[in-house]
Amino acid sequence: MQNLNLPSYSFRIKSKENKQFIFDIIRKKYVVLNPEEWVRQHIIHYLITEKGYPKSLVAVEKQLTINTLIKRFDILVFNTKGLPELIIECKSPSIKIVQETFNQIARYNLKLNAEYLMVTNGLQHYFCKLDHENKAFKFLKDLPNYK
């Protein structure tokens, strides 16, 4: 898999029937290793190892209903009160981050109302903090560490 603009981590990878699988420490199972999953797994490890987020507050690929449409977010981090704190949208490294990517995560956030958003393709990362009162957002250089 392609090198990403993230720290390297030790992953458990196995092959079966000409496919590669990577162990997801949140879902506690092996999942098909494709370029987007490679990014998602790096981000999960980044959140836990570098930023100090507890595994117990991280959800991966859960279903979300928005105006009768069923969607799936990539990563959602909750705060200690069980409320959404951070939504992360992961793309394959070959996918360019464009306005539609931000629109996608903004639609998810209409339902989730998180304070932080992150969009990444593993090479480029965009972080922002939402100001719900003024309906604005501020781009950040990095995500805050877990409090």
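The values are calculated or read from the model by the stated rules, or taken from the named source; none is laboratory data. Treat the numbers as computed from the prediction; the structure is a model and nothing was measured. Methodologically, a virtual Cβ is constructed for each residue, glycine included, from the backbone with ideal geometry; neighbour enumeration extends over all protein chains shown.
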Among Ile87, Ile70, the single one that is among the aliphatic types (A, V, I, L, M) and either crowded, with 18+ Cβ neighbours inside 10 Å or in contact (Cβ under 8 Å) with a residue 24 or more places away in the chain (or both) is Ile87
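Evaluate the following for Lys96: is it farther than 22 Å from Ile26 by Cα and surrounded by fewer than 17 Cβ atoms within 10 Å (Cβ to Cβ)? Can you show your working first?
Numbers: farther than 22 Å from Ile26 by Cα: yes; surrounded by fewer than 17 Cβ atoms within 10 Å (Cβ to Cβ): yes.
Taking the combined requirement at face value, the residue satisfies it.
Taking Tyr46, is it of a type in the set (Ser, Thr, Tyr), in contact (Cβ under 8 Å) with a residue 12 or more places away in the chain and assigned to a helix (DSSP H, G or I)?
Values: of a type in the set (Ser, Thr, Tyr): yes; in contact (Cβ under 8 Å) with a residue 12 or more places away in the chain: yes; assigned to a helix (DSSP H, G or I): yes.
So Tyr46 passes the test.
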So the strands (runs of 3 or more DSSP E) completely within the stretch 95-147 holding 2 or more residues that are closer than 21 Å to Val39 by Cα and aromatic (Phe, Trp, Tyr) are 125-131
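Against the definition (in contact with a Gly (Cβ under 8 Å, 6 or more places away or on another chain) and either modelled with pLDDT under 90 or not hydrophobic (A, V, I, L, M, F, W, C) (or both)), how does Asn145 come out, yes or no? Walk me through it before giving the result.
On the way: in contact with a Gly (Cβ under 8 Å, 6 or more places away or on another chain): yes; either modelled with pLDDT under 90 or not hydrophobic (A, V, I, L, M, F, W, C) (or both): yes.
Considered against the rule, which asks whether it is in contact with a Gly (Cβ under 8 Å, 6 or more places away or on another chain) and either modelled with pLDDT under 90 or not hydrophobic (A, V, I, L, M, F, W, C) (or both), Asn145 comes out as yes.
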Going through (1) within 19 Å of Gly122 (Cα to Cα); (2) surrounded by fewer than 17 Cβ atoms within 10 Å (Cβ to Cβ) one by one, Ile44 fails only at (2)
Being touching a helix residue (DSSP H, G or I) at 6+ places or on another chain (Cβ under 8 Å) and touching a residue at least 12 places away in the same chain (Cβ under 8 Å) narrows Asn121, Asn109 down to just Asn121
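Yes/no matrix, rows are residues, columns are (1) part of a strand (DSSP E or B); (2) surrounded by fewer than 17 Cβ atoms within 10 Å (Cβ to Cβ); (3) touching a His at 6+ places or on another chain (Cβ under 8 Å):
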site	(1), (2), (3)
Asn3	no, yes, no
Ser8	no, yes, no
Gln20	yes, yes, no
Phe23	yes, yes, no
Arg27	no, yes, no
Val31	yes, yes, no
Glu36	no, no, no
Val39	no, no, no
